[in-house]
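The values are calculated or read from the model by the stated rules, or taken from the named source; none is laboratory data. Worth saying up front: this structure is predicted, and the values here are computed from it rather than measured. Quick reminder, even Gly has a Cβ in these numbers, built from the backbone with ideal geometry, and neighbours come from all protein chains shown. We work out accessible area using only protein heavy atoms, side chains counted, and drop any ligands, DNA or RNA first. Shrake-Rupley method; radii C 1.70, N 1.55, O 1.52, S 1.80 Å.
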Amino acid sequence: QVQLVESGGGLVQAGGSVRLSCAASGRTFSTSRMGWFRQAPGKEREFVASITWNGLSINYADSVKGRFTISRDNAKSTVYLQMNSLKPEDTAVYYCAARSLTSSQYTYWGQGAQVTVSS
């Protein structure tokens, strides 16, 4: 079992920055990739970014490339999402997720962190 807890959400003005953190606990050694997803009101959940355990494979959604940065600290079992140059359309609940070594899907999810970008 893997448990994920997000933190760092809040209200920010357009153009500002927010850093989200996701702390993992449990069978973290079985995690192959961690990622961030988001869901805006009335919309489907969408992929934002992901990173492998060694940090050598990183992917971003086109909508956030150049603005968001995903990273991880294995010693702390934590993944981060640095969000810069925020836009109102970035407003959503952001979810941390993880998948096992033998799965191609994300099977572990955090509770979500609200990020609201004003103006």
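Taking the listed residues Arg27, Arg33, the one that is under 14 Å from Tyr108 (Cβ atoms) and open to solvent by 70 Å² or more (accessible area, probe 1.4 Å) is Arg27, with no other qualifying. For Lys87, the conditions (1) in contact (Cβ under 8 Å) with a residue 40 or more places away in the chain; (2) touching a strand residue (DSSP E or B) at 6+ places or on another chain (Cβ under 8 Å); (3) open to solvent by 60 Å² or more (accessible area, probe 1.4 Å); (4) within 13 Å of Arg19 (Cα to Cα) are fulfilled apart from (4).
Screening Ala14 with (1) free of Cβ contacts under 8 Å to residues at least 12 places away in the same chain; (2) at negative phi gives one miss only, at (1).
Right, Leu81: open to solvent by less than 40 Å² (accessible area, probe 1.4 Å) and in contact (Cβ under 8 Å) with a residue 12 or more places away in the chain or not?
Working: open to solvent by less than 40 Å² (accessible area, probe 1.4 Å): yes; in contact (Cβ under 8 Å) with a residue 12 or more places away in the chain: yes.
Yes.
If you go through segment 5-20 and keep only what is open to solvent by less than 30 Å² (accessible area, probe 1.4 Å) and either within 14 Å of Asp73 (Cα to Cα) or charged (D, E, K, R) (or both), you end up with Glu6, Leu20. Taking the conditions (1) among the hydroxyl-bearing types (Ser, Thr, Tyr); (2) at pLDDT below 95; (3) surrounded by fewer than 18 Cβ atoms within 10 Å (Cβ to Cβ) in turn, Thr116 satisfies each one other than (2).
Got at least one residue in segment 51-66 being in contact (Cβ under 8 Å) with a residue 24 or more places away in the chain, within 11 Å of the chain's Cα centre (by Cα) and surrounded by 13 or more Cβ atoms within 10 Å (Cβ to Cβ)? Among the residues of segment 51-66, at least one is in contact (Cβ under 8 Å) with a residue 24 or more places away in the chain, within 11 Å of the chain's Cα centre (by Cα) and surrounded by 13 or more Cβ atoms within 10 Å (Cβ to Cβ), which makes the answer yes. Would you check if there is a residue in segment 71-78 being in contact with a Cys (Cβ under 8 Å, 6 or more places away or on another chain) and modelled with pLDDT under 95? Yes, segment 71-78 contains at least one residue that is in contact with a Cys (Cβ under 8 Å, 6 or more places away or on another chain) and modelled with pLDDT under 95. Go through segment 62-119 and give me each residue that's in a strand (DSSP E or B) and touching a helix residue (DSSP H, G or I) at 6+ places or on another chain (Cβ under 6 Å). Matches in segment 62-119: Ser100, Val117. Report, by residue number, each residue of segment 1-54 that is among the small types (Gly, Ala, Ser), outside any strand (DSSP E or B) and under 15 Å from Ala98 (Cβ atoms). Passing the criteria: only Ser30.
The residues of segment 90-109 that are under 16 Å from Gly9 (Cβ atoms) and open to solvent by 10 Å² or more (accessible area, probe 1.4 Å), listed by number, are Thr91, Val93, Tyr95, Trp109.
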